[in-house]
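Working notes, structure below.
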Amino acid sequence: MRERIILHNITRKFEDGGIQRTILDQLNLSVSEGELVAVMGPSGSGKSTFLSIAGALLEPTSGEVLLDGESIIGKDKQALSNMRLHKIGFIFQSANLLPYLKIEEQLLFVAKQGGMENAQATGRARGLLQKLGLSQRSQAYPDKLSGGERQRVAIARALMNDPAVLLADEPTASLDANRGVDVVRMIADEVKEQGKSAIMVTHDDRVLPLCDRVLYLEDGRLV
Ligand code: ADP
Ligand code: MG
(Lines give C-alpha, C1' and ligand atoms only; values in the text may rest on other atoms or scores of the structure.)
(Ligands and ions follow the chains in the order given, each with its own letter.)
Protein backbone atom coordinates (compact mmCIF):
# COMPACT_ATOMS: atom_id res chain seq x y z
CA MET A 1 0.00 0.00 0.00
CA ARG A 2 1.06 3.53 -0.70
CA GLU A 3 2.68 5.45 2.17
CA ARG A 4 1.52 9.03 2.17
CA ILE A 5 3.95 10.14 4.86
CA ILE A 6 7.41 8.80 5.65
CA LEU A 7 9.74 10.10 8.37
CA HIS A 8 13.23 8.68 8.02
CA ASN A 9 15.91 8.97 10.71
CA ILE A 10 14.55 12.22 12.11
CA THR A 11 16.74 13.88 14.70
CA ARG A 12 15.89 17.20 16.32
CA LYS A 13 18.09 18.97 18.81
CA PHE A 14 17.36 22.12 20.77
CA GLU A 15 19.91 24.43 22.32
CA ASP A 16 18.92 25.09 25.92
CA GLY A 17 21.14 27.45 27.96
CA GLY A 18 24.22 26.43 26.00
CA ILE A 19 23.39 22.73 26.29
CA GLN A 20 22.26 20.68 23.29
CA ARG A 21 19.29 18.47 24.04
CA THR A 22 18.28 15.74 21.63
CA ILE A 23 14.48 15.59 21.62
CA LEU A 24 14.02 13.28 18.64
CA ASP A 25 16.71 10.69 17.99
CA GLN A 26 16.74 8.88 14.64
CA LEU A 27 12.97 8.49 14.68
CA ASN A 28 11.30 6.47 11.92
CA LEU A 29 7.65 6.23 10.94
CA SER A 30 5.72 5.41 7.76
CA VAL A 31 1.95 5.64 7.58
CA SER A 32 0.02 3.91 4.80
CA GLU A 33 -3.05 5.26 3.10
CA GLY A 34 -6.14 4.46 5.12
CA GLU A 35 -4.14 4.21 8.33
CA LEU A 36 -4.65 6.17 11.57
CA VAL A 37 -1.71 6.04 13.98
CA ALA A 38 -1.94 7.19 17.59
CA VAL A 39 1.14 8.61 19.30
CA MET A 40 1.29 8.73 23.08
CA GLY A 41 3.95 9.76 25.56
CA PRO A 42 4.50 11.92 28.63
CA SER A 43 4.48 15.67 28.52
CA GLY A 44 7.79 16.98 27.21
CA SER A 45 8.67 13.78 25.35
CA GLY A 46 8.65 15.59 22.00
CA LYS A 47 5.21 14.78 20.57
CA SER A 48 4.46 18.29 19.37
CA THR A 49 7.99 18.68 18.01
CA PHE A 50 7.53 15.45 16.07
CA LEU A 51 4.15 16.54 14.69
CA SER A 52 5.53 19.96 13.70
CA ILE A 53 8.29 18.27 11.71
CA ALA A 54 5.83 15.85 10.09
CA GLY A 55 3.72 18.87 9.09
CA ALA A 56 6.60 20.91 7.64
CA LEU A 57 6.26 23.57 10.34
CA LEU A 58 9.68 22.81 11.79
CA GLU A 59 12.87 21.55 10.17
CA PRO A 60 14.59 18.51 11.61
CA THR A 61 18.28 18.81 12.56
CA SER A 62 18.77 15.82 10.27
CA GLY A 63 16.64 13.23 8.52
CA GLU A 64 14.09 13.13 5.76
CA VAL A 65 10.34 13.75 5.54
CA LEU A 66 8.41 12.61 2.46
CA LEU A 67 4.83 13.73 1.84
CA ASP A 68 3.22 11.75 -0.96
CA GLY A 69 6.73 10.89 -2.11
CA GLU A 70 7.94 14.51 -2.12
CA SER A 71 10.72 15.65 0.24
CA ILE A 72 10.13 18.70 2.43
CA ILE A 73 13.83 19.15 3.16
CA GLY A 74 15.62 22.08 1.58
CA LYS A 75 12.44 23.72 0.23
CA ASP A 76 12.06 27.49 0.45
CA LYS A 77 9.36 29.12 2.58
CA GLN A 78 6.89 29.57 -0.24
CA ALA A 79 7.21 25.99 -1.44
CA LEU A 80 6.80 24.69 2.11
CA SER A 81 3.73 26.80 2.66
CA ASN A 82 2.25 25.44 -0.57
CA MET A 83 2.96 21.88 0.50
CA ARG A 84 1.29 22.51 3.85
CA LEU A 85 -1.80 23.96 2.18
CA HIS A 86 -2.27 21.09 -0.24
CA LYS A 87 -0.83 18.05 1.45
CA ILE A 88 -1.48 18.53 5.18
CA GLY A 89 -4.57 19.05 7.30
CA PHE A 90 -3.91 20.13 10.89
CA ILE A 91 -6.32 19.62 13.76
CA PHE A 92 -5.31 21.14 17.09
CA GLN A 93 -6.43 20.80 20.69
CA SER A 94 -8.76 23.75 20.34
CA ALA A 95 -10.49 24.41 17.05
CA ASN A 96 -8.87 27.84 16.46
CA LEU A 97 -11.76 29.08 14.33
CA LEU A 98 -11.83 32.69 13.17
CA PRO A 99 -14.46 34.42 15.35
CA TYR A 100 -15.68 36.80 12.62
CA LEU A 101 -16.38 34.15 9.97
CA LYS A 102 -19.48 31.94 9.75
CA ILE A 103 -18.88 28.19 9.69
CA GLU A 104 -19.20 27.80 5.92
CA GLU A 105 -16.97 30.85 5.43
CA GLN A 106 -14.24 29.24 7.57
CA LEU A 107 -14.05 26.45 4.99
CA LEU A 108 -14.25 28.77 1.98
CA PHE A 109 -11.40 30.81 3.42
CA VAL A 110 -8.93 27.90 3.42
CA ALA A 111 -10.16 26.80 -0.02
CA LYS A 112 -9.36 30.25 -1.33
CA GLN A 113 -5.88 30.11 0.19
CA GLY A 114 -5.45 26.78 -1.58
CA GLY A 115 -6.51 28.33 -4.90
CA MET A 116 -9.78 26.41 -5.27
CA GLU A 117 -12.34 27.86 -7.62
CA ASN A 118 -15.46 29.35 -5.89
CA ALA A 119 -18.22 27.05 -7.11
CA GLN A 120 -16.16 23.96 -6.40
CA ALA A 121 -15.26 25.29 -2.94
CA THR A 122 -18.88 25.98 -2.05
CA GLY A 123 -19.93 22.50 -3.15
CA ARG A 124 -17.13 20.85 -1.24
CA ALA A 125 -17.72 22.92 1.92
CA ARG A 126 -21.41 22.01 1.95
CA GLY A 127 -20.67 18.33 1.34
CA LEU A 128 -18.19 18.20 4.23
CA LEU A 129 -20.50 20.08 6.59
CA GLN A 130 -23.30 17.69 5.78
CA LYS A 131 -21.10 14.68 6.30
CA LEU A 132 -19.98 15.94 9.69
CA GLY A 133 -23.53 16.73 10.77
CA LEU A 134 -23.06 20.51 10.62
CA SER A 135 -25.37 21.60 7.79
CA GLN A 136 -27.74 23.31 10.24
CA ARG A 137 -24.81 25.32 11.62
CA SER A 138 -23.25 26.51 8.38
CA GLN A 139 -24.44 30.12 8.78
CA ALA A 140 -23.66 30.35 12.51
CA TYR A 141 -20.63 32.03 14.07
CA PRO A 142 -18.24 29.82 16.08
CA ASP A 143 -19.32 31.24 19.47
CA LYS A 144 -22.79 29.75 18.93
CA LEU A 145 -21.40 26.20 18.62
CA SER A 146 -20.62 23.60 21.27
CA GLY A 147 -17.05 22.37 21.77
CA GLY A 148 -17.79 19.17 19.87
CA GLU A 149 -19.31 21.06 16.96
CA ARG A 150 -16.34 23.42 16.80
CA GLN A 151 -13.94 20.49 16.68
CA ARG A 152 -15.99 18.95 13.85
CA VAL A 153 -15.66 22.24 11.95
CA ALA A 154 -11.91 22.02 12.51
CA ILE A 155 -11.94 18.54 10.94
CA ALA A 156 -13.98 19.79 7.96
CA ARG A 157 -11.54 22.68 7.54
CA ALA A 158 -8.55 20.32 7.71
CA LEU A 159 -10.14 18.18 4.97
CA MET A 160 -11.16 21.08 2.74
CA ASN A 161 -8.13 21.03 0.44
CA ASP A 162 -8.15 17.21 0.30
CA PRO A 163 -4.76 16.71 2.01
CA ALA A 164 -2.79 13.46 1.81
CA VAL A 165 -2.04 13.57 5.52
CA LEU A 166 -4.02 14.56 8.61
CA LEU A 167 -2.08 15.57 11.72
CA ALA A 168 -3.94 15.99 14.99
CA ASP A 169 -2.44 17.21 18.27
CA GLU A 170 -4.70 16.09 21.14
CA PRO A 171 -7.92 16.78 19.19
CA THR A 172 -10.16 15.48 21.99
CA ALA A 173 -8.49 17.26 24.91
CA SER A 174 -11.25 19.86 25.22
CA LEU A 175 -14.17 17.40 24.77
CA ASP A 176 -16.08 15.05 27.05
CA ALA A 177 -15.63 11.30 26.54
CA ASN A 178 -18.50 10.65 24.13
CA ARG A 179 -17.81 13.69 21.97
CA GLY A 180 -14.14 12.78 21.88
CA VAL A 181 -14.89 9.32 20.53
CA ASP A 182 -17.29 10.79 17.95
CA VAL A 183 -14.67 13.22 16.71
CA VAL A 184 -11.98 10.55 16.34
CA ARG A 185 -14.45 8.21 14.63
CA MET A 186 -15.04 10.93 12.04
CA ILE A 187 -11.30 11.30 11.49
CA ALA A 188 -10.92 7.51 11.21
CA ASP A 189 -13.81 7.19 8.73
CA GLU A 190 -12.43 9.92 6.51
CA VAL A 191 -8.95 8.38 6.56
CA LYS A 192 -10.35 5.00 5.49
CA GLU A 193 -12.77 6.30 2.87
CA GLN A 194 -10.43 8.77 1.25
CA GLY A 195 -7.17 6.84 1.57
CA LYS A 196 -5.43 9.45 3.72
CA SER A 197 -2.73 8.86 6.31
CA ALA A 198 -3.27 10.26 9.79
CA ILE A 199 -1.15 10.73 12.90
CA MET A 200 -2.87 11.70 16.12
CA VAL A 201 -1.15 12.64 19.36
CA THR A 202 -3.47 11.73 22.22
CA HIS A 203 -3.68 11.01 25.96
CA ASP A 204 -7.18 9.63 25.58
CA ASP A 205 -7.34 5.83 26.05
CA ARG A 206 -10.97 5.72 24.92
CA VAL A 207 -10.11 6.62 21.32
CA LEU A 208 -7.34 4.02 20.92
CA PRO A 209 -9.66 1.23 19.67
CA LEU A 210 -10.36 3.46 16.64
CA CYS A 211 -6.65 3.61 15.74
CA ASP A 212 -4.79 1.08 13.61
CA ARG A 213 -1.55 1.37 15.58
CA VAL A 214 -0.60 2.90 18.92
CA LEU A 215 3.00 4.08 19.31
CA TYR A 216 4.85 5.61 22.28
CA LEU A 217 7.40 8.36 22.02
CA GLU A 218 10.24 7.28 24.29
CA ASP A 219 13.83 8.54 24.36
CA GLY A 220 13.26 10.34 21.08
CA ARG A 221 11.93 7.31 19.20
CA LEU A 222 8.59 5.72 18.48
CA VAL A 223 8.15 2.25 19.97
P1 ADP B 1 5.26 17.29 24.12
O2 ADP B 1 4.39 17.79 23.01
O3 ADP B 1 5.48 15.80 24.10
O4 ADP B 1 4.80 17.74 25.46
P5 ADP B 1 7.27 19.07 23.01
O6 ADP B 1 7.56 18.54 21.66
O7 ADP B 1 6.39 20.25 23.11
O8 ADP B 1 6.74 17.88 23.95
O9 ADP B 1 8.65 19.43 23.71
C10 ADP B 1 9.70 18.46 23.90
C11 ADP B 1 10.88 19.10 24.57
O12 ADP B 1 11.52 19.98 23.65
C13 ADP B 1 10.54 19.92 25.80
O14 ADP B 1 11.54 19.68 26.77
C15 ADP B 1 10.59 21.34 25.31
O16 ADP B 1 10.98 22.20 26.34
C17 ADP B 1 11.65 21.28 24.22
N18 ADP B 1 11.41 22.29 23.18
C19 ADP B 1 10.34 22.33 22.36
N20 ADP B 1 10.42 23.37 21.50
C21 ADP B 1 11.57 24.02 21.82
C22 ADP B 1 12.25 25.19 21.31
N23 ADP B 1 11.74 25.89 20.28
N24 ADP B 1 13.42 25.56 21.88
C25 ADP B 1 13.95 24.85 22.90
N26 ADP B 1 13.37 23.74 23.42
C27 ADP B 1 12.20 23.32 22.90
MG1 MG C 1 2.52 18.83 23.01
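How far, in nm, would the chain grow between SER135 and ASP176 when pulled straight, counting 0.36 nm per residue and subtracting the alpha carbon separation? Before the final figure, lay out the partial values.
Numbers: separation 41, 0.36 × 41 = 14.76 nm, distance 2.24 nm.
Using 0.36 nm per residue and subtracting the Cα-Cα distance, I get 12.5 nm.
Using packing as a proxy for protection, rank 10-21, 189-200, 153-164 so that the peptide with the highest average count of other Cβ atoms within 10 Å comes first.
Values: 10-21: 12.1, 189-200: 20.7, 153-164: 23.0.
The most tightly packed comes first, giving 153-164, 189-200, 10-21.
In deg cm²/dmol and to the nearest 500, what is the mean residue ellipticity at 222 nm of the chain if only DSSP H runs of at least 4 residues count, each as -39500 (n - 2.57), divided by the residue total?
Numbers: 6 runs with 75 residues, N = 223.
Using -39500 (n - 2.57) per qualifying helix, the result is -10500 deg cm²/dmol.
Beyond 21 Å between alpha-carbons counts as too far, so tell me which of LYS112/LYS192; LYS87/LYS112; LYS47/LYS144; LYS13/LYS47 fall in that bin.
Working: LYS112/LYS192 26 Å; LYS87/LYS112 15 Å; LYS47/LYS144 32 Å; LYS13/LYS47 14 Å.
Those over the limit are LYS112/LYS192; LYS47/LYS144.
Sorting VAL165, VAL214 by accessible area (1.4 Å probe), largest first, what list results? It would help to have the intermediate numbers written out before the result.
Values: VAL165 0, VAL214 55 Å².
Result of the area sort, largest leading: VAL214, VAL165.
Choose one answer from GLN106, GLN151, GLN139: the residue with the largest mean-square fluctuation in a GNM of the chain with alpha-carbon springs under 10 Å.
Between GLN106, GLN151, GLN139, it is GLN139 that shows the largest mean-square fluctuation.
Multiply the residue gap between GLN20 and LYS77 by 0.36 nm, knock off their C-alpha separation, and tell me the result in nm, one decimal place.
Working: separation 57, 0.36 × 57 = 20.52 nm, distance 2.58 nm.
The span from GLN20 to LYS77 would gain 17.9 nm if fully extended.
Using a cut-off of under 16 Å, list every residue of the range 72-106 whose amide N is near the label point 7 Å from the Cα of GLU3 along the Cα-to-beta-carbon line.
It comes to 72-73, nothing else.
What does a probe at GLN194 reach in the range 56-100, counting residues whose amide N is under 17 Å from the point 7 Å along Cα→Cβ?
68, 83-92
Counting DSSP beta bridges with both partners in the chain, what percentage is antiparallel, nearest 5?
So the antiparallel bridges in the chain amount to around 50 percent.
Of the residues PRO209, PRO171, PRO142, which exhibits the maximal mean-square fluctuation in a Gaussian network model of the chain defined by a 10 Å Cα contact cut-off?
Top of the fluctuation ranking is PRO209.
Carbon-plus-sulfur fraction of the accessible area of the chain, 1.4 Å probe, in percent? Could the numbers behind the result be given before it?
Numbers: 4950 of 10640 Å².
Ligands and nucleic acids excluded, carbon and sulfur reach 47 percent.
Where a Cα-Cα gap under 12 Å defines reach, which aspartates and glutamates qualify for LYS102, not counting those fewer than 8 residues away within the same chain?
Of all the aspartates and glutamates, those that pass the test against LYS102 - Cα under 12 Å, at least 8 places apart if same chain - are ASP143.
Ranked from the most accessible area to the least, with a 1.4 Å probe and all protein chains present, what is the order of ARG213, ARG126, ARG152?
Details: ARG213 80, ARG126 130, ARG152 40 Å².
Largest to smallest exposure gives the sequence ARG126, ARG213, ARG152.
Highest GNM mean-square fluctuation, the chain, Cα pairs closer than 10 Å: which of LEU58, LEU108, LEU167?
LEU58
The values are calculated or read from the model by the stated rules, or taken from the named source; none is laboratory data. The model shown is predicted, which means the values in this text are computed figures rather than measured ones. No Cβ is skipped: glycine too gets one built from the backbone with ideal geometry, and neighbour counts run over all protein chains shown. Surface accessibility is based on the protein's heavy atoms, side chains included, excluding ligands, DNA and RNA. Shrake-Rupley method; radii C 1.70, N 1.55, O 1.52, S 1.80 Å.
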